[in-house]
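Undergrad: I'd like to ask some things about the structure below.
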Amino acid sequence: MMDVISITKRMIVYITGLFLLALGVAFSIKSGLGVSPVSSFPYAISLVLERDVGLMSTVVFTFYILIQILLLRRNFELKNFLQLAVASMFGFFVSASMALIIPLNPVSYPSRLAFLVISLFLISTGIIFYLTANIVSMPPEGMVLAIQKTTGIPFSKVKIIFDSTSVLLAAVLLMSFVGNLQGLREGTLLAAFGVGRLIGFLSKWLRPILISFIK
């Protein structure tokens, strides 16, 4: 009985984390000051194809899972197929979050900057939630882990390469088909360097609360 309760609590924390992360992505898009590196590629594709950013997030994340399978082959664990459900859920949450904040329209730079700061806190908090739940990796993180296991390159370096490549691909797509770098601005840099620091700061008091709730 206790195991069922613990698993249920983990699921609540995990799903809450996905929603907070998606809401953070929506706020960053709404700010107009740049999206996070991980979201840059799906967002660029959504602009080029004029499709829903949540749907494109699901498609791109599913592609990341396929790359994991190709890299790991027999070492790809069956539980990692749960990332397909995570990709779909996250895409849905992004679409829902975008619809949720439609009435909010920051115009001045200070208000847009406020939206960006809110997005950074939401993204950081969401990551802390889903990492603490420790159920299954998000597809981007899973792909970084797969590359790390295959090449032996340290996780931190692979993460930097992955984020940089995502931004570069997004920039190429946007310049080729849109004609500008919409979505890649100062907010992208702030997210790249600020989210990790925020996670470290917020984890000190948030993780113990979440762990206590799960147990």
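The values are calculated or read from the model by the stated rules, or taken from the named source; none is laboratory data. Computed from a prediction, not measured in an experiment: that's the story for all the values here. Counting neighbours? That spans all protein chains shown, and the Cβs are built from the backbone with ideal geometry, glycine included.
Undergrad: Of these, 114, 96, which one is out of contact with any strand residue (DSSP E or B) (no Cβ under 7 Å at 6 or more places or on another chain), part of a helix (DSSP H, G or I) and closer than 19 Å to residue 17 by Cα?
TA: Of the residues listed, the single one that is out of contact with any strand residue (DSSP E or B) (no Cβ under 7 Å at 6 or more places or on another chain), part of a helix (DSSP H, G or I) and closer than 19 Å to residue 17 by Cα is 96.
Undergrad: Here is a follow-up. Taking region 34-74, which residues are modelled with pLDDT under 90, in contact with a helix residue (DSSP H, G or I) (Cβ under 7 Å, 6 or more places away or on another chain) and either surrounded by fewer than 20 Cβ atoms within 10 Å (Cβ to Cβ) or among the aromatic types (Phe, Trp, Tyr) (or both)?
TA: Within region 34-74, no residue meets the criteria.
Undergrad: Within region 156-187, track down each residue that is hydroxyl-bearing (Ser, Thr, Tyr) and within 16 Å of residue 45 (Cα to Cα). Break it down stepwise before answering.
TA: Just the residues of region 156-187 that are hydroxyl-bearing (Ser, Thr, Tyr), to begin with: 156, 164-166, 176.
Matches in region 156-187: 165, 166, 176.
Undergrad: Mind counting the residues in region 170-190 that are on the phi > 0 side of the Ramachandran plot and over 17 Å from the mean Cα position of the chain (by Cα)?
TA: First, pick out the residues of region 170-190 that are on the phi > 0 side of the Ramachandran plot: 179, 183.
Now restrict to residues that are over 17 Å from the mean Cα position of the chain (by Cα): 179.
The number of residues fulfilling the criteria is 1.
Undergrad: Just checking, how many residues over region 146-161 are buried (at least 18 other Cβ atoms within 10 Å of the Cβ) and in contact (Cβ under 8 Å) with a residue 40 or more places away in the chain?
TA: 2
Undergrad: Is it true that residue 184 is farther than 13 Å from residue 37 by Cα, crowded, with 18+ Cβ neighbours inside 10 Å and touching a residue at least 40 places away in the same chain (Cβ under 8 Å)?
TA: Taking the combined requirement at face value, the residue does not satisfy it.
Undergrad: Identify the residue in region 83-127 that is more than 25 Å from residue 64 (Cβ to Cβ) and among the polar types (S, T, N, Q) and, among all such residues, is surrounded by the fewest Cβ atoms within 10 Å (Cβ to Cβ).
TA: Once the filter is applied, the top-ranked residue is 108.
Undergrad: For region 99-111, what are the residues that are farther than 14 Å from residue 20 by Cα and of a type in the set (Val, Ile, Thr)?
TA: 102, 107
Undergrad: Residue 193 - would you say it is of a type in the set (Phe, Trp, Tyr), more than 22 Å from residue 48 (Cβ to Cβ), assigned to a helix (DSSP H, G or I) and under 16 Å from the mean Cα position of the chain (by Cα)? Break it down into steps so the answer makes sense when it comes.
TA: Values: of a type in the set (Phe, Trp, Tyr): yes; more than 22 Å from residue 48 (Cβ to Cβ): yes; assigned to a helix (DSSP H, G or I): yes; under 16 Å from the mean Cα position of the chain (by Cα): yes.
It is true that residue 193 is of a type in the set (Phe, Trp, Tyr), more than 22 Å from residue 48 (Cβ to Cβ), assigned to a helix (DSSP H, G or I) and under 16 Å from the mean Cα position of the chain (by Cα).
Undergrad: Starting from region 187-198, keep only residues that are closer than 17 Å to residue 141 by Cα, then list their pairs with residues that are surrounded by 20 or more Cβ atoms within 10 Å (Cβ to Cβ) whose Cβ atoms are within a distance under 6 Å, requiring at least 6 positions of separation or different chains.
TA: Between residues of region 187-198 that are closer than 17 Å to residue 141 by Cα and residues that are surrounded by 20 or more Cβ atoms within 10 Å (Cβ to Cβ), the close pairs are 191/36; 192/37; 195/123; 195/124.
Undergrad: Separate question: Report, ordered by the first and then the second residue, all pairs with beta carbons closer than 6 Å, sequence separation of six or more or different chains, a first member in region 19-32 that is at negative phi, and a second member that is in a helix (DSSP H, G or I) and of a type in the set (D, E, K, R).
TA: Short answer, once both residue conditions are applied: 31/112.
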